[in-house]
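Presented below is the structure to which this report refers.
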């Protein structure tokens, strides 16, 4: 895992990734992370955004049919009359579980650490930072959130949701629906967020909070899993959007907005 410099002055930093076996790409590679405003031009001529758009459209049509024939998809027994959100979440989460079990050979994996230090105590930073609703207007892709359900599992507060996003695809953007589960461990000040979106892109996130002298260092430990043809695109957009969200959260926690 390579930590990124997430200061506002960082324009490009390199990182290495090791593709998993089975795709003929074994070995080390590298790419660069640019500022968010630079990404559109870089990818406008690349086939990855076009492929992503096509796959999202096809998958969206498939999940939009009420049959939602994803193996293993079962509606939670606690819901007597499942809503459309329930149906979509369960079907997509079944796809997430299936792909996660096969990720070591079917997908390429990249891990990245994104640290940021916020000049505020952890008891202020943690509740603000862990609340996904606070990323609305700060995360460049996030446009809305559909709340599925919340419950307690041991010492974790669990939240299931669907994030509505506008995903960059060359010079345009496409609507995306990212299905996720967040598990907050408030007593120990850390949380995880696992997400899946079409066409088989998985993001696992563990976020830790360490207070030192009245300031709090937040580290986002990110693992991206995607088909080999989409991994560079996934990491570029994922990392740049997380950095942009981090800087906005830092600014607004420090100035008292959050």
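The values are calculated or read from the model by the stated rules, or taken from the named source; none is laboratory data. Remember, it's a predicted structure, so these values are computed and weren't measured experimentally. Here Cβ is always computed from backbone atoms with ideal geometry, including for glycine, and neighbour counts include all displayed protein chains.
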Is it the case that residue 245 is modelled with pLDDT under 95 and surrounded by 20 or more Cβ atoms within 10 Å (Cβ to Cβ)? no
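With the structure loaded, tell me whether residue 212 is surrounded by fewer than 21 Cβ atoms within 10 Å (Cβ to Cβ) and either within 16 Å of residue 135 (Cα to Cα) or touching a strand residue (DSSP E or B) at 6+ places or on another chain (Cβ under 9 Å) (or both) or whether it fails that test.
Here the answer is yes, as residue 212 does meet what is asked.
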Looking for something modelled with pLDDT of 95 or more and over 26 Å from residue 166 (Cβ atoms) - is there at least one such residue anywhere in segment 77-97? yes
For residue 135, indicate whether it is under 25 Å from residue 232 (Cβ atoms) and free of Cβ contacts under 8 Å to residues at least 12 places away in the same chain. no
